[in-house]
Amino acid sequence: MSTPSFQLARNPFGRLVLTQADGQIHENVVPIRAFPIQAPEHGLALLSEDGHEIAWVESLKDLPETLRTLIEEELRGREFMPEIERIHRVSSYATPSTWDVATHRGETRFVLRGEEDIRRIGQHTLLISDSHGIHFLVRDLNALDKHSRKILDRFL
């Protein structure tokens, strides 16, 4: 485990504060994953309030537990990407259509505006955006049941 060149803490408002080795302090720091789907534990930038990178974390597992916990808590609060486990039904194979799905966070319903809102981000991975801009992840098409794959095939 390497020693990072910064320290993190929460201010009284619950926001992250980063202190660099030279003593410079940055309020309201935001962690952003470089590859949130393919490599969520590797490559993470800590951004200042104005969006500039102030620190880079090569691997979360290399951080001391206190820093890793703060960053993971912040990411959980910012990232919301339910993973689709099963597609129960769609209202129509023409878009817009309403989808009833089971995710790892529970049952939900969303509206797909158009086929262009289903994007391949790997050989077996899809990212589906609903009409409100929420992203749903299909991590592995092959892991879905036959019924769900059949529905997706009509949109791909």
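The values are calculated or read from the model by the stated rules, or taken from the named source; none is laboratory data. Keep in mind the model is a prediction, meaning the values are calculated, not measured. Every residue, glycine among them, receives a Cβ derived from its backbone with ideal geometry; neighbour counts consider all protein chains shown.
Can you name every residue in the range 66-101 that is part of a helix (DSSP H, G or I) and within 21 Å of the chain's Cα centre (by Cα)? Break it down into steps so the answer makes sense when it comes.
Taking the range 66-101 and keeping what is part of a helix (DSSP H, G or I), we get 66-78.
Within the range 66-101, LEU67, ARG68, THR69, LEU70, ILE71, GLU72, GLU73, GLU74, LEU75, ARG76, GLY77, ARG78 meet the criteria.
Can you tell which of ILE128, ILE118 is β-branched (Val, Ile, Thr), in contact (Cβ under 8 Å) with a residue 12 or more places away in the chain, under 25 Å from GLN38 (Cβ atoms) and touching a helix residue (DSSP H, G or I) at 6+ places or on another chain (Cβ under 6 Å)? Can you show your working first?
On the way: ILE128 fails: touching a helix residue (DSSP H, G or I) at 6+ places or on another chain (Cβ under 6 Å).
So the residue among ILE128, ILE118 that is β-branched (Val, Ile, Thr), in contact (Cβ under 8 Å) with a residue 12 or more places away in the chain, under 25 Å from GLN38 (Cβ atoms) and touching a helix residue (DSSP H, G or I) at 6+ places or on another chain (Cβ under 6 Å) is ILE118.
Identify, from the list VAL29, VAL101, the residue that is crowded, with 16+ Cβ neighbours inside 10 Å, aliphatic (A, V, I, L, M) and closer than 30 Å to LEU141 by Cα. Explain how you work it out, then say what you get.
On the way: VAL29 fails: closer than 30 Å to LEU141 by Cα.
So the residue among VAL29, VAL101 that is crowded, with 16+ Cβ neighbours inside 10 Å, aliphatic (A, V, I, L, M) and closer than 30 Å to LEU141 by Cα is VAL101.
If we keep just the residues of the range 82-98 that are among the aliphatic types (A, V, I, L, M) and either in contact with a Ser or Thr (Cβ under 7 Å, 6 or more places away or on another chain) or surrounded by 15 or more Cβ atoms within 10 Å (Cβ to Cβ) (or both), which is farthest from ASN142 (Cα to Cα)?
Pass one, the range 82-98, residues among the aliphatic types (A, V, I, L, M): 84, 87, 90, 94.
Next, only the ones that are either in contact with a Ser or Thr (Cβ under 7 Å, 6 or more places away or on another chain) or surrounded by 15 or more Cβ atoms within 10 Å (Cβ to Cβ) (or both) stay: 84, 87, 90.
Details: ILE84: 12, ILE87: 13, VAL90: 19 Å.
Of everything passing the filter in the range 82-98, VAL90 is farthest from ASN142 (Cα to Cα).
May I ask you to verify whether GLU74 is of a type in the set (Asp, Glu), surrounded by 14 or more Cβ atoms within 10 Å (Cβ to Cβ), out of contact with any His (no Cβ under 7 Å at 6 or more places or on another chain) and closer than 20 Å to LEU18 by Cβ?
Details: of a type in the set (Asp, Glu): yes; surrounded by 14 or more Cβ atoms within 10 Å (Cβ to Cβ): yes; out of contact with any His (no Cβ under 7 Å at 6 or more places or on another chain): yes; closer than 20 Å to LEU18 by Cβ: yes.
Considered against the rule, which asks whether it is of a type in the set (Asp, Glu), surrounded by 14 or more Cβ atoms within 10 Å (Cβ to Cβ), out of contact with any His (no Cβ under 7 Å at 6 or more places or on another chain) and closer than 20 Å to LEU18 by Cβ, GLU74 comes out as yes.
Which of the residues belonging to the range 16-53 are over 20 Å from GLU79 (Cβ atoms) and of a type in the set (Val, Ile, Thr)? Explain how you work it out, then say what you get.
So in the range 16-53, the residues over 20 Å from GLU79 (Cβ atoms) come out as 17, 19-27, 50, 52.
Residues satisfying the conditions are VAL17, THR19, ILE25.
Could you please tell me which pairs satisfy a Cβ distance under 8 Å, a separation of 6+ or placement on different chains, a first residue in the range 133-156 that is outside the structural domain of GLN38 (by TED's automatic domain parsing) and farther than 15 Å from PRO36 by Cβ, and a second residue that is in a helix (DSSP H, G or I) and small (Gly, Ala, Ser)?
Pairs that qualify, where the first residue is outside the structural domain of GLN38 (by TED's automatic domain parsing) and farther than 15 Å from PRO36 by Cβ and the partner is in a helix (DSSP H, G or I) and small (Gly, Ala, Ser): there are none.
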